[in-house]
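Single-structure report; data block below.
The values are calculated or read from the model by the stated rules, or taken from the named source; none is laboratory data. Remember, it's a predicted structure, so these values are computed and weren't measured experimentally. Because the Cβ atoms are built from the backbone with ideal geometry, glycine has one as well, and the counts that use them run over all protein chains shown. Areas reflect the complete protein model, heavy atoms only, side chains present, ligands, DNA and RNA absent. Shrake-Rupley method; radii C 1.70, N 1.55, O 1.52, S 1.80 Å.
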Amino acid sequence: MAQLSPKERMKIPRQEMPVQTPEDRVQNFQEVALGYTLELAKREAERCLQCKEPHCMEGCPVEVRIPEFIKAVRDGDMAEAVKIMKDKNNLPAICGRVCPQEVQCESRCILGKKGEPVAIGRIERFVGDYELSNKTFELAKGPATGKKVAIIGSGPAGITCAVDLARMGHEVTIFESLHTPGGVLVYGIPEFRLPKESVIKAEIETAAKALSIRILTDYVIGRTLTIDELQAEYDAIFLGTGAGLPMFMRIPGINLNGVMSANEFLTRSNLMKGYRFPEFDTPLKVGKRVAVIGAGNVAMDAARSALRLQSLKAGRNGDQAEPGSEVHIVYRRSSAEVPARLEEVHHAKEEGVIFDFLTNPVEILGDEKNAVRAMRCIRMELGEPDQSGRRSPVPIQGSEFDMEVDEVIFALGTSPNPLVFTNAGGLERSKHGTVVADQEHGRTTIKGIWAGGDVVTGAATVISAMGAGKRAAADIDRYLKGEFDW
Amino acid sequence: MYTILEKQVLSDVTKLMVVEAPQVARKARAGQFIIVLMHDQGERVPLTIADYDRTAGTITLIFQEVGKSTKEMGTMKVGDSFSHVVGPLGHPTDIENYGEVICVGGGVGIAPVYPIARELKEAGNHVISIIGARTKELLLWEDKMRAVSDELIVTTDDGSYGRKDLVTVPLKEILDSRPGKIAKIWAIGPAIMMKFVAATTKPYNVPTIVSLNTIMIDGTGMCGGCRVVLDDGARFVCVDGPEFDAHKVDWNNLLSRLAFYRNEEQTAVQRFEKDHECNLDRAISNGVR
Ligand SMILES: Cc1cc2nc3c(=O)[nH]c(=O)nc-3n(C[C@H](O)[C@H](O)[C@H](O)COP(=O)(O)OP(=O)(O)OC[C@H]3O[C@@H](n4cnc5c(N)ncnc54)[C@H](O)[C@@H]3O)c2cc1C
Ligand SMILES: Cc1cc2nc3c(=O)[nH]c(=O)nc-3n(C[C@H](O)[C@H](O)[C@H](O)COP(=O)(O)OP(=O)(O)OC[C@H]3O[C@@H](n4cnc5c(N)ncnc54)[C@H](O)[C@@H]3O)c2cc1C
Ligand code: SF4
Ligand code: SF4
Ligand code: FES
């Protein structure tokens, strides 16, 4: 394409990404968004103005050189685009899919001021997917330093830290308590948003193989081995164990059958492939009328999984969705405060998830078999803004009502799992259970131990966990080279 | 890794396996458990560490075939491997010299009670053990239990061996005949048995510990699927337990939670048995040919 003027570029509409139709996709667990073709990616790339001072980059927690990789895509030089990307972000196929772009890079794009921002995430995903099938970029292990690093947890923080350290020549071992590496990417985020085999497994396996990273699954640090034992054997430790502990509300009926955490529901579905029961052995029960409490990404994932399971169940029974099947998102604030990614909310609505805003459960009611039969809720209204600046919801007296449901899934947020802290004396934690570590390097209160990702920040994002893993890797490298005294 | 080195058929439905898992054996203690995954399509099955050998790097598992996963596990042979074994999980038993203690094991629960009895004995306790099963066939490890107990009482529900009683009958007799003497009681077996042991010992106010076998997934505290309701709120059995004060447990809630996936479990077992029969038929017809 000939060089365009900025005016012409701004006339190109933001390119939509092909998706499965809502009717089709609720019948399967395959990916919803199908990704750009080369044509679409190039056309979207043409929209970028190649700003001299690209504000988009300020919105990216790992400072991907956005205009540069977009230019390479525009020029059709995919190998170059991959190279620019991988300099900052090892996992573009994942970030392109799950970053909350609308509050990060894309929120700062200059085009967003008047119209729609460049679809940075979609182009990024295209670059990542291109690399997965074409393998242009060679990950190489640096000259061996003889130093050994233990990484605890194989989520985005741990994987990123491991990859960077191995590229610097250190000998890296990852300890993971589950039987599959990947953290939330494998046990939390569903297949229809993030394919497990073709994307996550491929990304992790390629990197581990190329860099001789040893991944030891089935190691629960705190039980199988403890931090003090790792200290004796390794020159440095990175703690990236995430925030995996579910929260429940303290209301009556919380322990009835049919009440569960989103972690349980999603782990059964994603990690254990319960949506393919009985082909896979772990059962997964979906109710006829499901309420998911909360409105973050986790809630959207649980609700959309439930919807699919209802359709699949009906499909097995040979008819269309069972009449009266419903999935509700029950959220105590209003639609303006929903914390989930925009795209997920949009997809959930298209698929038929019902949103009950300004509604909060007060009790779950059971039947004679100890199973959920209904949920008592109260209506809320928005009061004065709280410290976070959000208007806090307050109950409207006397507005209780019963919602007929047979399954209630709590997606209220998570906190760090304390198991890992057995025999880790001196490791300071906040009152929320998160590890105290400095933002710049990830150094904890114990010499030789770094931490990053959700275990430090509480539940956050994939890319911020990766950023923390990256910063820690750089600092660990300096430490191992003796460049500073702790 | 995780290779089966030895297999014993203790009864038609009870199997013992010695499995190579050095990192688990290194740390294992009485009262703890592991989670096994047979293969990539399998489910995560919690099993108590019935015994361990640190030098050989092995653990001993005993399981009863109750559903699809345990039935399929029963078909595994020496030389086969589990795809994953993780542990040791849960808290070990609090072993001290308490004085006179009772260990109650019901059915396959005899296996997990054995290392507890052994360690209590080693710690200097006077150990009275009561082991029971529905029928003689299902009784296991009588000799091993005898070796670590000062007194041993054996019962069967149908009287085919030992006393014809439920384990709670001799238990009550001992509590009546030695008032104030028994310092602590451990009971492991089917949930329903533990419920009745709790009811039996409560009037005597003797501290009673049970090891709960709720449904689990990760076994590390991240799903909450294993929760149990105590007097003062819910706990996660995998990380807060598996041992709890029997007198605080809401047994009816526990029993109803164990039954939650019953329909699915039946589907799985029927499907498994059908496949299994087809394989058997094929093997037989191949043999005939
Ligand atoms: C359902 C769901 C949807 C989400 N959607 C999005 C999204 O769309 N976009 C986005 O940016 N973010 C999303 N997030 C948040 C994001 O996934 C997390 O912020 C991110 O994964 C944190 O990375 P991490 O490496 O810190 O931890 P994790 O991904 O949690 O990984 C930690 C790993 O450590 C392991 N571990 C824990 N304890 C131990 C131990 N004692 N020993 C050994 N290993 C241990 C865990 O098993 C796990 O594998 C979502 C989260 C969930 C739950
Ligand atoms: C900490 C712990 C330690 C355990 N130790 C042992 C052991 O040493 N030996 C042993 O034989 N079993 C043990 N169990 C129980 C064992 O995990 C279950 O029997 C097994 O998961 C059943 O799987 P399945 O697919 O064969 O049967 P399923 O089809 O899942 O279940 C069949 C029947 O068993 C019941 N059931 C399901 N899960 C459990 C459970 N966790 N506990 C009790 N009943 C259940 C169901 O209600 C159903 O009626 C332990 C459980 C826990 C939590
Ligand atoms: S990593 Fe995320 S925030 Fe950064 S450019 Fe890519 S999509 Fe945007
Ligand atoms: S701000 Fe927008 S237009 Fe400017 S360089 Fe970044 S993506 Fe391109
Ligand atoms: S098994 Fe998941 S929290 Fe206990």
Margin query: Let me confirm something: among A:ARG390, A:ARG373, which residue is touching a helix residue (DSSP H, G or I) at 6+ places or on another chain (Cβ under 8 Å) and open to solvent by 40 Å² or more (accessible area, probe 1.4 Å)?
Written below: A:ARG390
Margin query: Give me the residue from the range A:202-218 that is closer than 15 Å to A:PHE238 by Cα and surrounded by 19 or more Cβ atoms within 10 Å (Cβ to Cβ) and, out of that set, farthest from the other protein chains (Cβ to nearest Cβ).
Written below: A:ILE213
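Report yes if A:ILE159 is within 15 Å of ligand 3 (Cβ to nearest atom) and either of a type in the set (Val, Ile, Thr) or assigned by TED's automatic domain parsing to the domain that holds A:GLU44 (or both), otherwise no. Walk me through how you get there before you give the answer.
On the way: within 15 Å of ligand 3 (Cβ to nearest atom): yes; either of a type in the set (Val, Ile, Thr) or assigned by TED's automatic domain parsing to the domain that holds A:GLU44 (or both): yes.
Judged against the criteria, A:ILE159 is a match.
Being within 14 Å of chain A (Cβ to nearest Cβ) and either at negative phi or within 16 Å of ligand 3 (Cβ to nearest atom) (or both) is the filter here; which residues of the range B:55-74 pass it? It would help to see each step written out before you state the result.
Filtering the range B:55-74 down to residues within 14 Å of chain A (Cβ to nearest Cβ) leaves B:57, B:59, B:66-73.
Of everything in the range B:55-74, those that are within 14 Å of chain A (Cβ to nearest Cβ) and either at negative phi or within 16 Å of ligand 3 (Cβ to nearest atom) (or both) turn out to be B:ILE59, B:VAL66, B:GLY67, B:LYS68, B:SER69, B:THR70, B:LYS71, B:GLU72, B:MET73.
Examine the range A:99-121 for a residue that is of a type outside the set (S, T, N, Q), under 22 Å from A:ALA210 (Cα atoms), open to solvent by 40 Å² or more (accessible area, probe 1.4 Å) and within 22 Å of the chain's Cα centre (by Cα), and state whether such a residue exists. It would help to see each step written out before you state the result.
Filtering the range A:99-121 for residues of a type outside the set (S, T, N, Q) gives A:99-100, A:102-103, A:105-106, A:108-121.
After this cut, where a residue has to be under 22 Å from A:ALA210 (Cα atoms) as well, the list is none.
No, there is no match, as no residue in the range A:99-121 is of a type outside the set (S, T, N, Q), under 22 Å from A:ALA210 (Cα atoms), open to solvent by 40 Å² or more (accessible area, probe 1.4 Å) and within 22 Å of the chain's Cα centre (by Cα).
Residues checked against (1) free of Cβ contacts under 8 Å to residues at least 60 places away in the same chain; (2) among the aromatic types (Phe, Trp, Tyr); (3) part of a loop (DSSP other than H, G, I, E, B); (4) assigned by TED's automatic domain parsing to the domain that holds A:GLU63:
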site	(1), (2), (3), (4)
A:ASP402	yes, no, no, no
A:GLU440	yes, no, yes, no
A:TRP450	no, yes, no, no
A:VAL455	no, no, no, no
A:ALA459	no, no, yes, no
A:ALA474	no, no, no, no
A:ASP485	yes, no, yes, no
Notebook entry, point to check: Do you know which residues across the range A:163-172 are without any contact (Cβ under 8 Å) to a residue 60 or more places away in the chain and either in a helix (DSSP H, G or I) or within 14 Å of chain B (Cβ to nearest Cβ) (or both)?
Noted result: A:ALA166, A:ARG167
Check: Somewhere in the range A:456-466, is a residue within 14 Å of chain B (Cβ to nearest Cβ) and within 16 Å of the chain's Cα centre (by Cα)?
Finding: yes
Notebook entry, point to check: When you go through (1) more than 17 Å from A:HIS346 (Cβ to Cβ); (2) open to solvent by less than 30 Å² (accessible area, probe 1.4 Å) one by one for A:GLN15, which number turns out not to apply?
Noted result: (1)
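The rows are residues; the columns are (1) more than 10 Å from ligand 4 (Cβ to nearest atom); (2) open to solvent by 30 Å² or more (accessible area, probe 1.4 Å); (3) closer than 22 Å to A:LEU111 by Cα.
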| residue | (1), (2), (3) |
| --- | --- |
| A:GLU39 | yes, yes, yes |
| A:LYS42 | yes, yes, yes |
| A:VAL62 | yes, no, yes |
| A:ASP77 | yes, yes, no |
Check: Residue check, A:THR282 against (1) touching a residue at least 24 places away in the same chain (Cβ under 8 Å); (2) surrounded by 21 or more Cβ atoms within 10 Å (Cβ to Cβ); (3) closer than 21 Å to B:GLY225 by Cβ, all met but one. Which one?
Finding: (1)
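Starting from residues that are acidic (Asp, Glu) and farther than 27 Å from B:VAL45 by Cα, keep the ones in the range A:151-201 and report whichever is least open to solvent (accessible area, probe 1.4 Å). Quick ask: steps written out before the conclusion?
Restricting attention to the range A:151-201, the residues satisfying the condition of being acidic (Asp, Glu) are A:164, A:171, A:176, A:191, A:197.
Filter once more, so that each one left must be farther than 27 Å from B:VAL45 by Cα: A:164, A:171.
Details: A:ASP164: 18, A:GLU171: 100 Å².
Checking each candidate, the answer is A:ASP164.
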Margin query: Can you confirm whether A:ARG65 is touching a residue at least 24 places away in the same chain (Cβ under 8 Å) and out of contact with any strand residue (DSSP E or B) (no Cβ under 7 Å at 6 or more places or on another chain)?
Written below: no
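Quick check on the range B:61-74. Is at least one of its residues within 16 Å of ligand 5 (Cβ to nearest atom), assigned to a helix (DSSP H, G or I) and surrounded by 21 or more Cβ atoms within 10 Å (Cβ to Cβ)?
Residues of the range B:61-74 that are within 16 Å of ligand 5 (Cβ to nearest atom), as a first pass: B:69.
Then drop every residue that is not assigned to a helix (DSSP H, G or I), which leaves B:69.
Going one step further and asking which of them are surrounded by 21 or more Cβ atoms within 10 Å (Cβ to Cβ), we end up with B:69.
Among the residues of the range B:61-74, at least one is within 16 Å of ligand 5 (Cβ to nearest atom), assigned to a helix (DSSP H, G or I) and surrounded by 21 or more Cβ atoms within 10 Å (Cβ to Cβ), which makes the answer yes.
Answer yes if at least one residue in the range A:173-194 is within 19 Å of A:ARG478 (Cα to Cα) and either touching a residue at least 40 places away in the same chain (Cβ under 8 Å) or in the same structural domain as A:PRO100 (by TED's automatic domain parsing) (or both), and no otherwise. Before the answer, list the steps.
At the first step, the residues of the range A:173-194 found to be within 19 Å of A:ARG478 (Cα to Cα) are A:173.
Then drop every residue that is not either touching a residue at least 40 places away in the same chain (Cβ under 8 Å) or in the same structural domain as A:PRO100 (by TED's automatic domain parsing) (or both), which leaves A:173.
Within the range A:173-194, one or more residues are within 19 Å of A:ARG478 (Cα to Cα) and either touching a residue at least 40 places away in the same chain (Cβ under 8 Å) or in the same structural domain as A:PRO100 (by TED's automatic domain parsing) (or both).
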